[in-house]
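One structure is given here, and the rest of the page talks about it.
Where a number appears in this text, it was derived from the coordinates with a stated rule and is not lab data. Note that the coordinates shown come from a computational prediction; the quantities given were computed from them, not determined experimentally. No Cβ is skipped: glycine too gets one built from the backbone with ideal geometry, and neighbour counts run over all protein chains shown.
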């Protein structure tokens with residue numbers, strides 16, 4: 001594509017642009033059904049969004065690492081916003097630990 005653009009007059013096309021990872025999306029499966037209403041109450045309203053009539057998952061915003069975890073009643077998780085796989089893994093560990101501490105896992 002860059003070569004085609006250069007051929008029609010675009011001069012400032014970098015054929016080897018520098019790449020930076022900005023956002024990693026990861027998924028996990030806790031392999032059990034979850035009660036999202038109980039999780040919403042347990043995690044506290046300041047860090048979550050849960051409107052089942054709008055979206056079937058619970059949105060949990062973790063401050064450190066700065067990731068967002070979507071939690072579904074099927075036990076599936078989607079982690080977004082991580083800058084590395086390790087940040088995503090830490091987000092899953094935090095969710096798992098909190099659910100275990102609440103007796104919901």
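Summary of computed values
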| quantity | calculated |
| --- | --- |
| Quotient of Cα Rg and 2.2 N^0.38 Å for the chain, N being how many residues it contains | 1.50 |
| Over the chain, relative contact order from alpha-carbon pairs under 8 Å, at least 6 apart, % | 29 |
| Computed label-point distance, nm, for sites residue 32 and residue 61 using a 7 Å Cα→Cβ extension | 2.9 |
| Reference-scaled alpha-carbon Rg (2.2 N^0.38 Å with N residues) for the stretch 53-105 | 1.10 |
| Full-extension gain in nm, residue 94 to residue 20, via 0.36 nm per residue minus C-alpha separation | 24.0 nm |
| Least to most buried among 61, 93 (fewest other Cβ within 10 Å first) | 93, 61 |
| Exposure proxy order (Cβ contacts within 10 Å, fewest to most) of 71, 94, 62 | 94, 62, 71 |
